[in-house]
Each structure stands twice: as C-alpha cells, then as structure tokens.
C-alpha cells in the first residue's frame, strides 16, 4: 500500500522537477546576461523552453496534472520566458537607450504576466488548435533569437538595435492581443501522409543543423507574421460580413 502511495507521489513530483529546472535555467540566463555572456543567456532560454515542454508532456502522459503544477508552471514561465529575455534585452540593448529601453523591458515582463494570467483563466474554454495572443515562451525565443542573430553576424549598428527595440514592443503587445496563433499541441498526422511528413521533417532538421540560428530566426519570425497576417485578414473578412448584413 505504501509503495503505491510513493509511486503516485513520484508521478506528481517528476513534472514539477522539470518545471523547477526550467525556472533554475532561466535564472542562470539572467546571471549570464548580467555578466555580458549574451550568447550563453540565449541558449539557457532555449534550454528552458525544452524543459518547459517536457514538464507538460510528462504530466499529461502520466495523468499527473494538478492545480499546483499549473500555478507553479506559470511562475516558472514568468522567470524563464518573462524576466530572463527581458534582462537579456536590457543588458544587450535596452540600457543604452535610457528610459525607453527601461520602459520596454518592464512592459515585456508586465504583458507576459498578463498573458499567463489570462491563459490560466481562459485555457479550458479556448480552442486547443489556437493560442489567443502570442504564448510567452514563443515571445521569449523570438526576441532572444534576434539578439543571437545580431551577435553571430556582428551587427552592432544603431539602426539594427532600433529594429530589435521595435520588435520588443511589437511582441509585447502581441502577447496581450486577441490575435489567434496556431497551436501544434493537437497536430494529428494521418498515416497516409506519414512519408511526406517524415521527408519534410528530415529536410527541416537538415537546414536547422546547417543554419541553426538563421533557421530559428526565420521560423519564429514567419510564425509571428503568419498569425498577424491571418488575424488582420479575418478581421477585414468579418467587417465585410457585418457591412453586408447591414445592407
């Protein structure tokens, strides 16, 4: 009887250990940013993303989801994908732009917290195939990978830094927007398309292997632009329908 109890406790502990690891690595990213180790800080954020993905998947597989786990996951996400990328941005670029840099850093964390709070409240009611607003982990990787792109290609011009400043403001607003972004959580691959999907994945992973940073930069930028474009398209479509109904 005690063995069964110990096993059940262990099932709940394992996903939360991954959540704790994600927050821990997020803190390492913040420390790396404060020391000027920006490249290292970005890779810590990417590692946090992998750990964050594992905790939820393990919890679902083992049927060990809990209210505590959900709350803990949100707090860990705020550290790893809210504070960590914000401090990376601030130390790398924001601090050189005075109050504007400080404001964008603070707004990113604040909007990230609002995004997480809204997700916790509305998650059971939302469609599983879409996210309302950019998820905070996606926003974190988006801004971090652009900084890594800048480091790798030695782009240190004021013009490029202003582009990243604009991207920081843009992604912060998108987190609290009502624009729907595709979710890959419920992707269902049909058996007849297995070979095509496999070939496509091999090609994608090959490109990622050769041009890892460039691939991630393109992928996350395309994802954001796709969601925004589709959002505007649907908005104008609805507007036309409303006008027709009025006529």
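Observations on the structure shown:
- Verdict on residue 20 being without any contact (Cβ under 8 Å) to a residue 60 or more places away in the chain, in a helix (DSSP H, G or I) and surrounded by 17 or more Cβ atoms within 10 Å (Cβ to Cβ): no
- Test: residue in the range 62-83 that is under 21 Å from residue 141 (Cα atoms) and without any contact (Cβ under 8 Å) to a residue 24 or more places away in the chain: no
Residue-by-condition table, conditions (1) at pLDDT 75 or above; (2) in a strand (DSSP E or B); (3) within 14 Å of the chain's Cα centre (by Cα); (4) closer than 24 Å to residue 60 by Cβ:
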| position | (1), (2), (3), (4) |
| --- | --- |
| 178 | yes, no, no, no |
| 184 | no, no, yes, yes |
| 202 | yes, no, no, no |
| 224 | yes, no, yes, no |
| 238 | yes, no, no, no |
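- Qualifying residue in the range 130-150 (condition: out of contact with any strand residue (DSSP E or B) (no Cβ under 6 Å at 6 or more places or on another chain) and loosely packed, with under 13 Cβ neighbours inside 10 Å): no
- Number of the condition not met by residue 99 [criteria: (1) in contact with a helix residue (DSSP H, G or I) (Cβ under 9 Å, 6 or more places away or on another chain); (2) more than 24 Å from residue 56 (Cα to Cα)]: (1)
- Qualifying position, being out of contact with any strand residue (DSSP E or B) (no Cβ under 8 Å at 6 or more places or on another chain), surrounded by 11 or more Cβ atoms within 10 Å (Cβ to Cβ), at pLDDT below 95 and not in a helix (DSSP H, G or I), among 155, 213: 155
- Test for residue 75: is it touching a helix residue (DSSP H, G or I) at 6+ places or on another chain (Cβ under 6 Å) and surrounded by fewer than 21 Cβ atoms within 10 Å (Cβ to Cβ): no
- Screening residue 198 against (1) modelled with pLDDT under 85; (2) closer than 25 Å to residue 34 by Cβ leaves a single unmet condition, (2).
The values are calculated or read from the model by the stated rules, or taken from the named source; none is laboratory data. Model, not experiment: these values are computed from the prediction. FYI the Cβ positions are ideal-geometry reconstructions off the backbone, even for glycines, and counts take in every protein chain you see.
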